[in-house]
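The values are calculated or read from the model by the stated rules, or taken from the named source; none is laboratory data. This one's a predicted model, so the numbers in the text were calculated from it and none came from an experiment. Glycine also receives a Cβ, built like all others from the backbone with ideal geometry; neighbour counts cover every protein chain displayed. To get the accessible areas, we keep the full protein, side chains included, count just its heavy atoms, and leave off ligands, DNA and RNA. Shrake-Rupley method; radii C 1.70, N 1.55, O 1.52, S 1.80 Å.
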Amino acid sequence: MVDSTVVLNGQTLAYTCYCLAILLVMAWFGYKITRPGKDNKIANALFYSFTGMLVVLGVSLHIVTFNTIPWAPMDLNRADIKADKVFNITIEKHKFTLPEQTLNISCNEKVLFSVLSHDLTYGFGLFRQDNSMVFQMQVVPGHPNDILWQFDRPGIYTIRSTEYSGPTGWNIVLKDAVIVTCNTTANN
Amino acid sequence: MNFLQTLIKGEQAMFKPDGLTPMQKLTLRFVVIGLVYYAFAVIEGMLMRIYEIRPIPAISTNQFFAIMTAHPLVGIFGSTYSIVFGAFLFLVPFLMKKPLWSIKLANWNFWLVTIGTFTFWFSGFLTHYAPLYTLYWPLPVDFTQFSILGGIFFILGIALVMLGTVFFVINVFATITYTPEGWDKQPSCALLSSALGISGVRNLFSKNKKEHLVSLPVAAIARGTVDVALNSGIIIFTGVLILVYMVFALFGVSLKDTAIDALLYKNWFWWGLDLVADGLVLIFVAGTWYLLATLITGKKLFMENIARTALLVELIVSWTVWSHHLLSDQAQPGFLKVLSGEMVTAFELITQGLAFFITLATLWSARPLKMTNPLKFLLGGLLGFALAVPAGIMQADIGLNRILHNTQWVIGPHVHVAVLVGLAMTLYAAIYILFPILTNGAQLYSQKLANFHFWGQLIGGIGMGAFMGMAGLHGMLRRSLYVNGEFNTYMILAGLCGALLLFAFLAFFFNIVMSVGINGVIGIFMPSKLKTKELVPAQE
Ligand code: HEM
Ligand SMILES: [Cu+2]
């Protein structure tokens, strides 16, 4: 499965280009409407094409992401996918309890992180050494919260609670708690 | 006139509060209080901006999160609600050419929002009650972290605001439908059905098409007000629930918090909260754009019937999109994530995109236009939504939400650009266009300051959103603290943009005070000398 930075970079690029374009359009528009113009009537065809474009964009965005972001279909179907490894994690009084000191994972294993909260709403996220995020989910008390993930590269990751759980809970961090190793001979 | 005289009497002493009608005073009071609470929110925002660069020793983390709890609530209820209520309580009668149903109720509305906001702000300030506005169960009743009394006063403050809000709802619908004294009987039901769009839908299917009885902006106000009403219902219900837990705790009885299902609670609360963000804000803003565009150009709205339909679609959509806030909740049913979270949410791109296009097309039809303050700010507001809505649509995606949720991205390029650029600039455009009507022709003190406000708000707002967004894309969480300077480059840049926003607001505030004078500001809060239900004084 591709690393989430790839998706993030794609998204950043697309959104940045869009922002620059719309800034220019508005600047152009702001200039143009202060000038006299010949044809002031907007053609209905333009309006309907614009509407059509919005519809196409709105519909295609999710279809495209569903087919290109690997964790999206895996997430929706995770009940039917057998995990290679399951980690049962609990959280209570602003403290995570892991099944082992560090969670050791091999590349391309399908790993299920299952997190239960015994009191408040928390979050569960994995972060790289440079603080960027691999993924996160919410941890709601009284419900199962699980996420299936597949790592394609070695790394050491930090667990953080990604949801605010009161002023005591701003720093629920387990540094370097997840270690992914890749056996170079393993093929998948 | 020298500086001091202007400061006291206003620009060229043109503003005479004695000549204001009770309705003008009412709206001006709402606007003044709305701006004062905006100042609260800006100062709180700036404190948090500094804190996120380096924690301020005098402010504990408990207080930091109390500020973070108060900030959006003061911003939305104290500031935005006040300005919007003030403007719409004036505009509905203005556009329907009939008096407001009840000025007395409107005054109660004003005081309840003002005092309620102060109550919750002050109890947060004193006791550091800090569950944040999302109130994820059971955090609001976690008395190992929060003071019970602080919580009770906080929730009571919110309840006062909600009561005031209910009065607004009543006043708007009563004004649309009632028959003023001495008038021919008004067709209440037909007016209501036109305002809500029911007759418009019926027109689609029937041969004899009926005229629209209410104008488009009134229809927008009515439809947005439906969401205001539903939202206050949800907040009151949730507030009462929390209060019950608090009152029992006060008497030493601890109710089991597991009696409430945290996920179900999250669903209903987001259903209610989203009626603000994806409901009334979008509808009110679109309605205001249409009104501004027609007032600025003096032309009919482009594609008016489609605009009306889009407003109705937006209302219905706003009831069905809440799941986009639960895309990272793994126990949330997948079909709700896909249907409500992704698909229905995508409609917002269409409705808001249409509103954007229709407004621009209407402006275009009146070329050349003079770049007045209302037009400038209107364009700023349009740009704000053009930036923030696609950001929202991207988040509302199962794949992308996994790496965006609860990061600074959500709260930067989406929320703050929507609020500070999209919403705030639209409101400033409305304030500028109403200013001469509400003040009987007072003069603006300085156009230079108005320009500085415009650019400061625009660049500061977009800039702050952008730098928060970059931090978010690099993994920086919201509602969190990074005390080792992990994201300092972005946080310093965001802080500079925040400072620009603060200065822009100060320039605007100073400009308004210099325009009406300190005497004028005081005069707004004195009882009106005119005994009239008219909106503006009768011409002599
Ligand atoms: C087309 C319009 C909009 C769309 C599609 C949209 C979509 C979204 C989505 C999907 C989220 C959830 C992100 C996450 O938590 O992962 C979100 C959050 C948020 N939106 Fe919007 N939104 C829209 C308009 C607005 C407007 C107009 C406002 C405010 C005036 C607003 C205020 C917020 C706020 C405050 C949050 C953060 C909620 C939280 O505390 O978690 N949104 N929006
Ligand atoms: Cu929403």
Checklist entry - Applying the Karplus parametrisation 6.51 cos²θ - 1.76 cosθ + 1.60 with θ = phi - 60° to the phi angles of region B:176-187, what ³J(HN,Hα) value in whole Hz is obtained for each residue in order, glycine and proline being reported as x? => result 5, 9, 7, 10, x, 3, x, 8, 5, 3, 8, x
Checklist entry - What average number of partner chain Cβ atoms lie no more than 10 Å from the Cβ of the residues making up B:386-395? => result 3
Next on the checklist: Given a Förster distance of 41 Å, report the FRET efficiency between B:Asp184 and B:Asn305 from their Cβ-Cβ distance, rounded to the nearest 0.05.
Outcome noted: 0.90
Checklist entry - So who's got an amide H within less than 5 Å of the one on A:Val86, skipping anything under 5 residues away but keeping other chains? H placed 1.01 Å off N, in plane. => result A:Leu112
Item to check | Relative counts (whole %) of C-alpha pair distances in the protein assembly as shown, using bins that are 10 Å wide | outcome: 3, 14, 24, 26, 19, 10, 4, 1, 0, 0
Next on the checklist: Compute the orientation-averaged projected area for region A:83-187 from the convex hull of its Cα atoms and round it to one decimal in nm².
Outcome noted: 6.3 nm²
Item to check | Nearest-0.05 FRET efficiency for B:Leu126 and B:Gln12, computed from C-beta distance (R0 56 Å) | outcome: 0.80
Checklist entry - Check B:Gly10: other-chain or 5+ apart residues with amide H under 5 Å from its amide H, H built from backbone geometry? => result B:Gly517, B:Ile518
Checklist entry - Can you give the direction-averaged projected area of the convex hull of the alpha-carbon atoms in region B:94-260, in nm²? => result 13.1 nm²
Next on the checklist: Cut-off 19 Å, label point 7 angstrom out along Cα-to-Cβ of B:Phe525: give me the residues of region B:12-32 whose amide nitrogen falls inside.
Outcome noted: B:16-32
Checklist entry - For the peptides B:383-393, A:150-160, what is the packing order when you average, over each peptide's residues, the other Cβ atoms within 10 Å and list the highest mean first? => result B:383-393, A:150-160
Checklist entry - Which value, in Å², gives the accessible area per residue of chain B when a 1.4 Å probe is used on the protein heavy atoms? => result 37 Å²
Next on the checklist: Over the Cα atoms of chain B, what radius of gyration and what Dmax do you get, in Å?
Outcome noted: 23.0, 71
Item to check | Shielding by partners - mean other protein chain Cβ count within 10 Å, residues of B:335-346 | outcome: 2
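If you take the accessible area of B alone, add that of A alone, and subtract the area of the pair, what total do you get in Å², probe 1.4 Å, to the nearest 100?
That pair hides around 6700 Å² of surface in total.
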Item to check | Sequence ranges A:98-109, B:443-454, ranked by mean other-Cβ count within 10 angstrom, highest first | outcome: B:443-454, A:98-109
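Could you work out the mean count of beta carbons from other protein chains within 10 Å of each residue's beta carbon in A:125-138?
Details: counts 8, 0, 2, 2, 0, 3, 9, 6, 12, 3, 4, 10, 9, 13.
Taking the mean over all residues of the peptide, I get 6.
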Item to check | Taking the convex hull of Cα positions in region A:30-92, its mean projected area over all directions (nm²) | outcome: 10.2 nm²
Checklist entry - Among the listed pairs B:Lys97/B:Lys299; A:Lys82/B:Lys256; B:Lys98/B:Lys209; B:Lys16/B:Lys185; B:Lys376/B:Lys531, which are separated by more than 31 Å between their Cα atoms? => result A:Lys82/B:Lys256; B:Lys16/B:Lys185; B:Lys376/B:Lys531
Item to check | For chain A, calculated [θ]222 nm from helices alone, where every DSSP H run of n ≥ 4 adds -39500 (n - 2.57) | outcome: -11000 deg cm²/dmol
Item to check | Spacing of the two label points (7 Å from each Cα toward its C-beta) at A:Ile156 and A:Asp130, in nm | outcome: 1.7 nm
Next on the checklist: If you roll a 1.4 angstrom probe over the protein chains with everything in place, what fraction of the accessible area of region B:437-540 belongs to carbon and sulfur, to the nearest %?
Outcome noted: 69 percent
Checklist outcome for this item: So the carbon and sulfur contribution to the accessible area of region B:245-293, 1.4 Å probe, in percent, is 72 percent
Checklist entry - What FRET efficiency, computed as 1/(1 + (r/R0)^6) with R0 = 35 Å and r the Cβ-Cβ distance, is obtained for B:Gln447 and A:Ala27, rounded to the nearest 0.05? => result 0.95
Item to check | Sequence ranges B:345-356, B:429-440, ranked by mean other-Cβ count within 10 angstrom, highest first | outcome: B:345-356, B:429-440
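Summing -39500 (n - 2.57) over the DSSP H runs of n ≥ 4 in chain B and dividing by its residue number, what mean residue ellipticity at 222 nm do you reach, to the nearest 500 deg cm²/dmol?
-22000 deg cm²/dmol
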